[in-house]
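One structure below.
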Amino acid sequence: MYSMSMANDLYSIPLQRIDGETTSLAPYRGKVLLVVNVASKCGLTKQYDALEKLYARFRENGLEILGLPANDFAGQEPGSNDEIATFCKSTFGVEFPLFSKITVTGPEKHPLYRALIAAKPTSVGEGKQSFIEGLVKYGISPNKEPELLWNFEKFLVARDGQIVARFSPDTLPDDAVIVKAIEAELAKK
């Protein structure tokens, strides 16, 4: 179980915004967060569009979507932070916060992802097994949980910092299961 003191620690983990400014999750305390490892050259990259629409829909109610680029899966995020920011803005009109590229798997994984994975070691998603089989067909050996499976895995964090859900990459941001989970957390004041 992820204790409240661990949840408070989540807010103190150092991060960098995509523009290089040092920050943490502290500015988002009291918000519902959807934390997503993103990539610009992935078959799932079009999820940026659905993430941005979700952000536009729920931002005023207290949702923050946090995009954390990672190049951990088949080199699908090779760009610099500037290139990533430009791509996201020009291609998908991304307004939600983006952070500097980090590592989300393996021994060098960022402390934020260590905390997220420790709190939710398995993801949910109706198509997760099919997604895994698809990776194998392309000659890719998928990570085994608790490691992230691929780009666009999503962690839902409650207003109090508790990690309440983890969704597999194939679960689209506008899927009813994610929308209902977000609405449930936003309803809690």
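The values are calculated or read from the model by the stated rules, or taken from the named source; none is laboratory data. Since the model is a prediction, treat every value here as computed from it, not as a measurement. Ideal geometry is used to build each Cβ from the backbone, glycine not excepted, and the neighbour counts take in all protein chains shown.
Taking first residues from segment 104-127 that are among the aliphatic types (A, V, I, L, M) and partners that are part of a loop (DSSP other than H, G, I, E, B) and surrounded by fewer than 21 Cβ atoms within 10 Å (Cβ to Cβ), the Cβ contacts under 6 Å between residues at least 6 apart in sequence or on separate chains come to L112/I13; I117/P146; A119/Y2. The set of residues in segment 46-70 being free of Cβ contacts under 8 Å to residues at least 60 places away in the same chain, farther than 21 Å from E21 by Cβ and in contact with a helix residue (DSSP H, G or I) (Cβ under 7 Å, 6 or more places away or on another chain) consists of Y48, D49, E52. Considered as a group, the residues in segment 71-101 that are surrounded by fewer than 21 Cβ atoms within 10 Å (Cβ to Cβ), in contact (Cβ under 8 Å) with a residue 60 or more places away in the chain and within 17 Å of the chain's Cα centre (by Cα) include one that is nearest to R159 (Cα to Cα), and that residue is P97.
State whether one or more residues within segment 149-164 are over 20 Å from K46 (Cβ atoms), modelled with pLDDT of 95 or more, among the aliphatic types (A, V, I, L, M) and out of contact with any strand residue (DSSP E or B) (no Cβ under 9 Å at 6 or more places or on another chain). Checked against the condition, which is being over 20 Å from K46 (Cβ atoms), modelled with pLDDT of 95 or more, among the aliphatic types (A, V, I, L, M) and out of contact with any strand residue (DSSP E or B) (no Cβ under 9 Å at 6 or more places or on another chain), segment 149-164 yields no hits at all.
Taking segment 15-40 as the search range and keeping residues that are in a loop (DSSP other than H, G, I, E, B) and free of Cβ contacts under 8 Å to residues at least 40 places away in the same chain, which one is farthest from A181 (Cα to Cα)?
The extreme case among them is E21.
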